[in-house]
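A short worksheet on the structure shown next.
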Amino acid sequence: MNKTLNNKAWFLVLPVLVLVAFSAVIPLMTVVNYSVQDTFGNNQFFWAGLEWFEEMLHEDRMWNALRRQLIFSAVILAIEVPLGVFVALNMPKSGAWSSFCLVTMSLPLLIPWNVVGTIWQIFGRVDIGLLGHTLAAMGIDYNYTQDTIAAWVTIIVMDVWHWTSLVALLAFAGLKSIPDAYYQAARIDQASRWKVFRYIELPKMAGVLMIAILLRFMDSFMIYTEPFVVTGGGPGNATTLLSIDLVKMALGQFDLGPAAAFSLMYFLVILAISWVFYTVMTNLDKKGM
Amino acid sequence: MPDATAAPARKAPRIRVNRSALVMAAYLIFLMLPLYWLLNMSLKTNAEILGDFTLFPRNLTFQNYVTIFTDPAWYMGYVNSLIYVVMNTVISLAVALPAAYAFSRYHFMGDKHLFFWLLTNRMAPPAVFALPFFQLYSSVGLFDTHIAVALAHCLFNVPLAVWILEGFMRGVPKEIDETAYIDGYGFGAFFVKIFMPLIASGIGVAAFFCFMFSWVELLLSRTLTTVDAKPIAAIMTRTQGASGIDWGLLAAAGILTIIPGALVIWFVRNYIAKGFALGRV
């Protein structure tokens, strides 16, 4: 759509601007403030410059958390995106069965995040959980509070359980928008199932899939509650992702300076990666999908 | 191998339907299993949960639910959560509607930057904002009120609402606006009487998302409340008593947090698919 130039439109945006400035800019400036100051208590602060940033950059703690976070996000994206597309391809296109699938699939998305954690915490327990009990009965040694691998598998399966439906629903929305004529043309050309997917369905889904990847990346990168409830970051620090580490530092140990420096760098990483996705997405939008 | 592909082609549809149904059934079972287990546990006594391992409750009991519905300390948690979620949804939509209209219809100075800046707030990790929010709302005397949580959740819900609504509004041809103005409608009258009904499904979808993300968030709502506005999700930690965790009660509380979400999904089920694509299909 060709838009008209109208700077009065700013008035329409003003309420959003005021509200977001109150709930984002002020807190963010507080963080910036802390990141460049040091304190000995009693609300006495003095200028510390970039010391905290230097200190955090030289500390293994943040790098380890960042590495775990990148692995986590990469793994869940690698599982959820293909699986979501696969599920979407198998979804019934219309009818009561389709509505039923939609409603059931959306359910995990609307469960409060700590309840998701609780569900999996219970589900995986060897003494009272279905999953843990079954695995133990099969003779598999599975204990997510002691074993690093089991803890990782648990939080990854939990995330797949929780969020794959989002990818599937987005992909499904993309699939539904493909006119029937495309498929008829493919049938006339005797295109194989793979070619239909590769040259018709995938390009049509590209736009919504980018949204899915963007959302899943952002949310998995800031994940806190679910793994915290299940593993508490343990065993040891094995599942201490970025947010868990940050909350430990800021609210647990009250190391405001380092935590603030950590926050800003954390935010910048998300911002940088999201900007790439966003640019790709808007370019796809422009091409008219 | 043209003849080899031609022969199964006739049979293919039937096989594919069956296989699809199988895949869907497997996926839905995977989704439902943990929920079934939670429901199963909520209907058992704590003794039975810790005693035998049973797939169905032997002594069916609703005691866990009765406990929640008769104790104000429990059920007020649901009320608190619902209050701030509804407040947040209303505020988010009220400010997002005009802004989304501006973004979908006009070019103005800095519009693209502003739009991305809004989105960056959706990307901000709540963990970064927990402590500053706590200090901000304490200093203005809003700590432990519903409005504080509602405003805090605007951080990620307003950008999302703008994003979704903008997608839906782009689908409405601009000629409608122009015709309405020629017919003598002012901006306000046009927006409320003509434009909003046209994007009703978009508003529903945006409301659904605001509800969803406000309902499921815990870190901020827990940090900003102590007693009066404490959400149910935070109250659930109370089940860890002196004699260990009351698993049955915990499970029942968990099941009850799923119900509002399920109800909302039921209302918007016909728009879910398009809604999840943020109006961009």
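Could you work out the mean count of beta carbons from other protein chains within 10 Å of each residue's beta carbon in B:90-103?
Details: counts 0, 2, 2, 0, 3, 9, 3, 3, 7, 9, 3, 3, 10, 5.
That works out to 4 on average.
Placing unit charges on the Cβ atoms of the charged side chains and taking the dipole of the range A:59-287 about its Cα centre, the candidate lying farthest along the positive direction among A:Phe197, A:Val167, A:Ile111 is A:Phe197.
Panel order for B:Trp247, B:Trp215, by other beta carbons found within 10 Å of each beta carbon, from fewest to most: B:Trp247, B:Trp215. Under 10 Å, Cα contacts only: if you run a Gaussian network model on chain B, which one of B:Leu256, B:Leu142, B:Leu55 comes out with the highest mean-square fluctuation? Comparing B:Leu256, B:Leu142, B:Leu55 in the GNM, the peak value goes to B:Leu55. Note on A:Ile140/B:Leu55: beta-carbon distance plugged into 1/(1 + (r/R0)^6) with R0 of 22 Å gives a FRET efficiency of 0.65.
The phi torsions of the range B:168-182, fed into the Karplus equation with coefficients 6.51, -1.76 and 1.60 and a -60° offset, translate into couplings of 5, 5, 4, x, 8, x, 5, 4, 4, 4, 4, 4, 5, 5, 5 Hz, rounded to whole numbers, with Gly and Pro shown as x. With charges set only on the Cβ (+1 for Lys and Arg, -1 for Asp and Glu), what does the dipole of the range A:59-287 come to about its Cα centre, in debye to the nearest 20? Taking the Cα centre of the range A:59-287 as origin, the dipole is about 860 debye. Counting Cβ atoms of other protein chains within 10 Å of each residue's Cβ and taking the mean over peptide A:271-279 gives 2. What is chain B by shape, rounded, prolate or oblate, if you read a ≥ b ≥ c off the alpha carbon gyration tensor as root eigenvalues and call it rounded for a/c under 1.5, prolate for a/b larger than b/c, and oblate otherwise? Oblate, since a/c reaches 1.5 and b/c is not below a/b. Mean-square fluctuations from a GNM of chain B, with a 10 angstrom spring cutoff on Cα atoms, peak among B:Glu217, B:Glu175, B:Glu48 at B:Glu175. Pairs of Cα atoms nearer than 8 Å and 6+ residues apart set the relative contact order; for chain A it is 26 percent.
A crude spin-label estimate for the pair B:Lys112 and B:Phe69, with each label 7 Å from Cα along the Cβ direction, gives 5.7 nm. Short-range pairs are left out: with C-alpha atoms under 8 Å and at least six residues apart, the relative contact order of the range B:34-97 is 24 percent. Across the range A:249-287, the residues whose backbone nitrogen lies under 19 Å from the label position 7 Å along the beta-carbon direction of A:Met29 are A:260-261, A:264.
In the protein assembly as shown, the calculated helix contribution to ellipticity at 222 nm averages -23000 deg cm²/dmol per residue, counting -39,500 (n - 2.57) for every DSSP H run with n ≥ 4. Stretching the chain fully between B:Phe62 and B:Phe30 yields a gain of 8.9 nm (0.36 nm per residue, less the alpha carbon separation). Set the bar at 24 Å for Cα to Cα. Now go through A:Lys3/A:Lys176; A:Lys93/A:Lys204; A:Lys93/A:Lys195; A:Lys8/B:Lys193 and name every pair that lies beyond it. Correct reply: A:Lys3/A:Lys176. Here's how it looks for A:Gln37: its modeled amide H is under 5 Å from those of A:Ala48, which are all 5 or more places away or on a different chain. The mean count of C-beta atoms from other chains within 10 Å of the C-beta of residues in A:251-258, rounded to a whole number, is 1. Calculated FRET efficiency, B:Ser201 to B:Lys174, Cβ-Cβ distance, R0 = 25 Å: about 0.85 to the nearest 0.05.
Sorted ascending by nearby beta carbons within 10 Å, beginning with the fewest, B:His146, B:His107, A:His133 become B:His107, A:His133, B:His146. Among B:Pro132, B:Pro260, B:Pro159, the largest mean-square fluctuation in a Gaussian network model of chain B (Cα springs under 10 Å) belongs to B:Pro132.
Using the Cβ-Cβ distance between A:Asp38 and B:Thr226 with R0 set to 30 Å, the FRET efficiency from 1/(1 + (r/R0)^6) comes to roughly 0.55. Using the alpha-carbon centroid of each, what span in Å lies between the range A:189-232 and the range A:172-187? About 19 Å separates the Cα centre of the range A:189-232 from the one of the range A:172-187.
Placing +1 on each Lys and Arg Cβ and -1 on each Asp and Glu Cβ, with no other charges, gives the protein assembly as shown a dipole about its Cα centre of roughly 2200 debye. Note that the range A:122-129 has calculated 3J(HN,Hα) couplings of 5, 4, x, 5, 5, 7, 10, x Hz, one per residue in order, obtained from phi through the Karplus relation 6.51 cos²θ - 1.76 cosθ + 1.60 (θ = phi - 60°); glycine and proline are x.
Dipole of chain A computed with +1 at Lys/Arg Cβ and -1 at Asp/Glu Cβ about the Cα centre; of A:Thr240, A:Gly252, A:Ala206, farthest Cα towards the positive end is A:Ala206. Listed from fewest to most Cβ neighbours within 10 Å, the set B:Thr226, A:Thr164, B:Thr120 follows the order B:Thr226, B:Thr120, A:Thr164.
Throughout, read-outs are computed from the coordinates displayed, never taken from laboratory work. These figures come from a predicted structure and were not determined experimentally. Cβ atoms come from the backbone with ideal geometry, glycine included; neighbour counts cover every protein chain shown.
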